[in-house]
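Worksheet for the structure shown next.
Any read-out appearing in this document is the output of simple, stated calculations on the displayed coordinates, not a laboratory observation. Note that the structure is predicted; figures quoted are calculated from it, not measured. Neighbour counts are summed over all protein chains in view; Cβ atoms, including those assigned to glycine, are modelled from backbone coordinates with ideal geometry.
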Amino acid sequence: MSTSYRVANLSPDTSADLGGRAASTSYPVYAPYPSRRPFNWELLWARCAYMIWQFLTKIILSSVYLTLIADGLKQFVPPLNVRLYKAFPFLSFLQDYEATHRIDLAQPAALLLMVFVWIAWANVLLLWLADDDTSESQEGVSKRNKDLTVTLAAILLIGESCLFYLSLVRVTWNGAALSVTAILGTVVYCTIVVFAVLHSLSLSRKCVALSRKENLS
């Protein structure tokens, strides 16, 4: 960091104590004055990219969960077809509005599944990224804990893929028992979900690295 200097004029009373100089004489003293830190545009852009990615992925994934995944839940768990205002009497006001009276239990359950899948795979990918980054400490992360995290994340993703497949087959192929196209679509969907989580973590780690670099400079 570059350092500039400011001029501080000593008052006559103060200068009189310096080596017996005349009290009426003042001398300039050059004291170090730290310059302002330049604005970190790279960090700003990284944070903006992270927030934009979070917003777009959550909006797109939410629309998929509220439609296809919710429909799959209704097929797999029929009680989730119950309207939300009927299941919870304190939400009876929902039946008074056109946009909310059709909301059933499957839609909040689908959003909850989205949260679980995102968190589970974020933890799995963090463990995977930490294995390649020796600067990150993994103390306290036992092999049993890692195996449990990976197992739970795999179960959630497989269950979600089954729901997506059931809904896709019912909507597009009229309930066909087996559809290669639907299987490929499901694989692509699961890949997109994992990639969204991975890229989100990459952007977050970049923001942290740039912030640490700025603090050390």
For the stretch 180-191, in order, what is each residue's ³J(HN,Hα) by Karplus, 6.51 cos²θ - 1.76 cosθ + 1.60 with θ = phi - 60°, in whole Hz (x at glycine and Pro)?
-> 5, 5, 5, 5, 5, x, 5, 4, 5, 4, 5, 5
Which order do peptides 204-213, 99-108 fall in by mean Cβ count within 10 Å, highest first?
-> 99-108, 204-213
Using θ = phi - 60° and the Karplus relation 6.51 cos²θ - 1.76 cosθ + 1.60, list the HN-Hα couplings for the stretch 56-63 in order, rounded to whole Hz, with x at every Gly or Pro.
-> 5, 5, 5, 5, 5, 5, 4, 5
What list of ³J(HN,Hα) values in whole Hz, one per residue of the stretch 201-215 in order, does the Karplus curve 6.51 cos²θ - 1.76 cosθ + 1.60 (θ = phi - 60°) give from phi, with Gly and Pro shown as x?
-> 5, 5, 5, 5, 5, 5, 4, 5, 5, 5, 5, 5, 4, 5, 5
Sequence-distant or interchain residues sharing an amide H contact under 5 Å with residue 104, placed H: which?
-> 84
Gain in span if fully extended, residue 129 to residue 191, counting 0.36 nm per residue against the direct Cα distance | 20.6 nm
At R0 = 41 Å, FRET efficiency that the Cβ-Cβ distance of residue 151 and residue 86 yields, to 0.05 | 0.70
